[in-house]
Amino acid sequence: MLSRNKQLLNVQKNMQNCTQCPLATCGRTNVVHGEGDINPDFFLIGEAPGAAEEIEGRPFVGRSGQLLRAILLKLLPPETTYYISNTVKCRPPKNRNPTRKEKTICTMLGIFKEIEIVNPRIIITVGAVALSTVLPSAPPLLKAREIMHLYKGFPLIPALHPAYCLRFPSKKKELEQDILFALKSLQEMKSE
Ligand code: SF4
């Protein structure tokens, strides 16, 4: 049995020069793989890389990613571990939403394998696209918040997208509530 690290490296290797979906031919300069702790409390799943992510080749490093990372730093106890990735690994042109076809192909190659490998305690989907991609049966995001859902036996908690909070700064408190709800759920799981 390969270590988690080696399994993740294999997933990344398979996607490094991937041409399986149309996003491979939209001017891609970098495939943006997941990163973080490989035995995490939380697995945060975003939608797709943006411009900053594509340049750096890392997830959640643009303005909205920085906001999310700052909230995690502010609210989570330092021992909390997380892994962070996206439903598709290549940037959609002009930051459009990934298509159903792109998501279907990429999730099978990437995020669904990453979830199985790192085996997180809780999945946090970040934004409506990530929620509907990972859990198509879930209600719309605003109705799904502050409820624990299940994806293949993994607890799944939906959160607002930080880009939405940048557009509407009063919503930042609600994103913080989502992260605090996930933290409370984690603490309850650990105390059982
Ligand atoms: S988005 Fe995913 S499936 Fe599409 S080309 Fe990139 S790595 Fe391959």
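Would segment 133-148 turn up any residue that is surrounded by 17 or more Cβ atoms within 10 Å (Cβ to Cβ), under 19 Å from ASP37 (Cβ atoms) and within 16 Å of the ligand (Cβ to nearest atom)? No; the residues of segment 133-148 include none that is surrounded by 17 or more Cβ atoms within 10 Å (Cβ to Cβ), under 19 Å from ASP37 (Cβ atoms) and within 16 Å of the ligand (Cβ to nearest atom). Of (1) away from the ligand (no atom under 16 Å from the Cβ); (2) surrounded by 19 or more Cβ atoms within 10 Å (Cβ to Cβ), GLY110 satisfies all except one. Which? It is condition (1) that GLY110 fails. Scanning segment 67-88 for residues that are within 16 Å of the ligand (Cβ to nearest atom) and either part of a strand (DSSP E or B) or touching a Cys at 6+ places or on another chain (Cβ under 6 Å) (or both) returns SER85, ASN86, VAL88. Given the criteria of a type in the set (D, E, K, R) and not in a helix (DSSP H, G or I), does ARG28 qualify? Here the answer is yes, as ARG28 does meet what is asked.
Candidates GLU192, GLU188, GLU174: the one that is touching a Leu at 6+ places or on another chain (Cβ under 6 Å), on the phi < 0 side of the Ramachandran plot and charged (D, E, K, R) is GLU174. Confirm whether ARG58 is within 16 Å of the ligand (Cβ to nearest atom) and under 17 Å from the mean Cα position of the chain (by Cα). Spelling it out, ARG58 is indeed within 16 Å of the ligand (Cβ to nearest atom) and under 17 Å from the mean Cα position of the chain (by Cα). Residues that are at positive phi and either within 15 Å of the ligand (Cβ to nearest atom) or hydrophobic (A, V, I, L, M, F, W, C) (or both) within segment 6-41 comprise just one, GLY27. Of the residues making up segment 12-38, just one is touching a Ser or Thr at 6+ places or on another chain (Cβ under 7 Å) and surrounded by fewer than 20 Cβ atoms within 10 Å (Cβ to Cβ), namely ASP37. Consider LEU44 carefully, then state whether it is in contact with a strand residue (DSSP E or B) (Cβ under 8 Å, 6 or more places away or on another chain), at pLDDT 95 or above, away from the ligand (no atom under 16 Å from the Cβ) and closer than 24 Å to LEU9 by Cβ. Spelling it out, LEU44 is indeed in contact with a strand residue (DSSP E or B) (Cβ under 8 Å, 6 or more places away or on another chain), at pLDDT 95 or above, away from the ligand (no atom under 16 Å from the Cβ) and closer than 24 Å to LEU9 by Cβ.
Is there a residue in segment 86-107 that is of a type in the set (Lys, Arg) and at positive phi? Yes, segment 86-107 contains at least one residue that is of a type in the set (Lys, Arg) and at positive phi. Scanning segment 18-31 for residues that are under 17 Å from GLU53 (Cα atoms) and out of contact with any Lys or Arg (no Cβ under 9 Å at 6 or more places or on another chain) gives a single hit, ALA24. When we screen GLU116, GLU102 for residues that are surrounded by fewer than 17 Cβ atoms within 10 Å (Cβ to Cβ), modelled with pLDDT of 95 or more and of a type in the set (Asp, Glu), the only hit is GLU116.
For segment 50-59, a tally of residues being without any contact (Cβ under 8 Å) to a residue 40 or more places away in the chain, not charged (D, E, K, R) and not in a helix (DSSP H, G or I) returns 2.
Residues in segment 146-192 that are over 20 Å from LYS74 (Cα atoms) and within 16 Å of the chain's Cα centre (by Cα): HIS149, LEU150, TYR151, PHE154, PRO155, LEU156.
The values are calculated or read from the model by the stated rules, or taken from the named source; none is laboratory data. Since the model is a prediction, treat every value here as computed from it, not as a measurement. With ideal geometry, Cβ positions are generated from the backbone for all residues, glycine too; neighbour counts draw on all protein chains shown.
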